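Data first, discussion second: the structure below is written as structure tokens.
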Amino acid sequence: MEQMMQEFRNQILNITSDQYTVTEADDRIYLTTAYAEACIRFHEMNIVEFQITRKADDAVVFYLHFQLNDDSHALYLLEQLRESLIHTGPVSEKRILMSCSSALTTSFFSEKLNQTAELLNLPFKFSAVSSDLIPEAGNACDMILLAPQIAHRKREFSRLFPGKPVLEIPGILFGAYDVQGIMELISRNLSETGFSPGTEAAHILNSSRKIMAITTRIDSRFKISWRVFHHGKIIRSEMVVKEKIDYHDFEDILDTVSVLEDDIDSVVISVPGVVHDGTVILDRSGLHEYDMKGRLSQKYPYRFIITNNANTTALGLYHLQNDYHTVIYHSQLREADRAGQGIVIDGRIVTGKKGIAGEVNYLPGNTDPSLSLRERAERAVARAIIADIAIVGPDAVYIRCELLHSPDRVRELILESVSEEYIPDLFIIDHATEYMYYGAQMLASARD
């Protein structure tokens, strides 16, 4: 393996180009142009790290790391690095995300703005998404513009992306499709904030400690994503997608991160299933009564917090609003019998006896198999929320289900059993990962 690493180093050093210079220092190789610099680092365990930093604003415009075990794949990634380096120019383009309820109006508006920016040679690139996609798309932009009809969510998104400008589009500009007015609004606010585009902000913290958050969720497959936060910034971020997971997946991630990062203080791992005192029960994977906290604490020198992923998401949702005392996050899979909830009351997660709270799969009653998948999901969600109303009386329930795009039918089903005055505010959210990361950081920073 050491021979493969040395051969790869030599290949990098021997590739010549009149578009950049190559220098070597210690364990690093630098490829430098007039506008950017690529740094290639070699770590233990045959891990190679690629990063390109733009000189104008110190923005990281390319980043990845991988374990060198296939020479052809490594050369493919090297070619991607070289192409990105060569095409990194002096102008720092500002990525502006526009959003309204459905993205229909802002999509049309963003097209007009892109045409104007191109005509005037302005460094702005506009895109549009529906409001429920902002948590997912917000990391890839430098500014967020909210249409008047969703301006009431400015506080939520500002707290989700601190340090990133989140602006309300004045109704007079939005209604008239005033392109010049929008351009002036953007330029004025970038100037006033001194904002440096390309910097990803983390979701809370004044904490100086280095925090790692690992989130696990189930769609059609298992997805494990992780980030390392330091001084309020995301400094590393990766994702693994697999058909099944077991404890080796978490150890592989931690092995890699322990090589790349020093001084990690806390690791928060959010997983589906029942979690109690660091033990995980998830029968769909290889985690059946697995003492995750005990095993990982023996192997790694970190403070571990193991929690249910729905609970972590609910905690993030709770702290991103100021209107509700009791918040529930309901995650419903396509299968009507697969769901989980996170319950937060006055800022505290309700876990119940041995972590069973929120495992709504145990609720009695089956849905009619002759119904469509969407109808079965609607009935399963309604049944769970009726139970929530009877037991805790939530103020708001956030529902994530890829089959549902509106809570209206769920509300109608609840009304068959519960009076209108007791029904919580219902919201559909398409992406929960950002809220989960926010909640994870709240847990890690609780002792600050």
Apart from one, (1) out of contact with any Ser or Thr (no Cβ under 7 Å at 6 or more places or on another chain); (2) open to solvent by 30 Å² or more (accessible area, probe 1.4 Å) all hold for Ile29; the odd one out is (2)
Which residues, counting only those in segment 310-341, are touching a strand residue (DSSP E or B) at 6+ places or on another chain (Cβ under 6 Å) and within 24 Å of Asn366 (Cβ to Cβ)? Ala310, Ile328, Tyr329, His330, Ser331, Gln332, Ala339, Gly340, Gln341
Quick one: Met292 ticks every box in (1) among the aliphatic types (A, V, I, L, M); (2) over 27 Å from His43 (Cβ atoms); (3) modelled with pLDDT under 90 bar one, so which box is it? (2)
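Looking at this structure, is Glu402 of a type outside the set (Phe, Trp, Tyr), open to solvent by 40 Å² or more (accessible area, probe 1.4 Å) and touching a Leu at 6+ places or on another chain (Cβ under 9 Å)?
yes
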Subset of segment 151-185, residues open to solvent by less than 30 Å² (accessible area, probe 1.4 Å) and over 21 Å from Asn114 (Cβ atoms), comes to Ala151, Phe157, Leu160, Phe161
Within segment 346-365, of all residues that are free of Cβ contacts under 8 Å to residues at least 24 places away in the same chain and open to solvent by 30 Å² or more (accessible area, probe 1.4 Å), the one farthest from Pro407 (Cα to Cα) is Lys353
Could you pull out the residue among Leu113, Leu97, Leu81 that is outside any helix (DSSP H, G or I) and either over 25 Å from Asp323 (Cα atoms) or open to solvent by 30 Å² or more (accessible area, probe 1.4 Å) (or both)? Leu97
Some residue of segment 127-147 being part of a loop (DSSP other than H, G, I, E, B), in contact with a helix residue (DSSP H, G or I) (Cβ under 9 Å, 6 or more places away or on another chain), open to solvent by 30 Å² or more (accessible area, probe 1.4 Å) and not charged (D, E, K, R): no
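Looking at Ile343, is it β-branched (Val, Ile, Thr) and buried (at least 18 other Cβ atoms within 10 Å of the Cβ)?
Numbers: β-branched (Val, Ile, Thr): yes; buried (at least 18 other Cβ atoms within 10 Å of the Cβ): yes.
Taking the combined requirement at face value, the residue satisfies it.
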Hits in segment 322-340 - residues which are open to solvent by less than 30 Å² (accessible area, probe 1.4 Å) and either closer than 14 Å to Leu426 by Cβ or β-branched (Val, Ile, Thr) (or both): Thr326, Val327, Ile328, Tyr329, His330, Gln332
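Among the listed residues Val228, Val268, Val274, identify the single one that is surrounded by 16 or more Cβ atoms within 10 Å (Cβ to Cβ) and touching a Phe, Trp or Tyr at 6+ places or on another chain (Cβ under 9 Å). So that I can check it myself, show each step before the final result.
Values: Val228 fails: touching a Phe, Trp or Tyr at 6+ places or on another chain (Cβ under 9 Å); Val274 fails: touching a Phe, Trp or Tyr at 6+ places or on another chain (Cβ under 9 Å).
The conditions single out Val268.
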Within segment 84-94, identify whether any single residue is touching a residue at least 60 places away in the same chain (Cβ under 8 Å), out of contact with any Gly (no Cβ under 8 Å at 6 or more places or on another chain) and assigned to a loop (DSSP other than H, G, I, E, B), and answer yes or no. yes
Going by the structure shown, is Thr106 β-branched (Val, Ile, Thr) and part of a helix (DSSP H, G or I)? yes
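Okay, residues lined up against (1) under 14 Å from Ser99 (Cβ atoms); (2) over 21 Å from the mean Cα position of the chain (by Cα); (3) not polar (S, T, N, Q):
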residue	(1), (2), (3)
Lys112	no, yes, yes
Ser131	yes, no, no
Ile134	yes, no, yes
Ser158	yes, no, no
Ile169	yes, yes, yes
Considering segment 1-26, residues that are modelled with pLDDT under 85 and over 27 Å from Asp255 (Cβ atoms), and then whichever is surrounded by the most Cβ atoms within 10 Å (Cβ to Cβ), we arrive at Ile15
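The values are calculated or read from the model by the stated rules, or taken from the named source; none is laboratory data. Note that the structure is predicted; figures quoted are calculated from it, not measured. Neighbour counts run over all protein chains shown; Cβ positions are idealised from the backbone, glycine included. Keep in mind that these areas ignore ligands, DNA and RNA; they rest on the heavy atoms of the full protein, side chains included. Shrake-Rupley method; radii C 1.70, N 1.55, O 1.52, S 1.80 Å.
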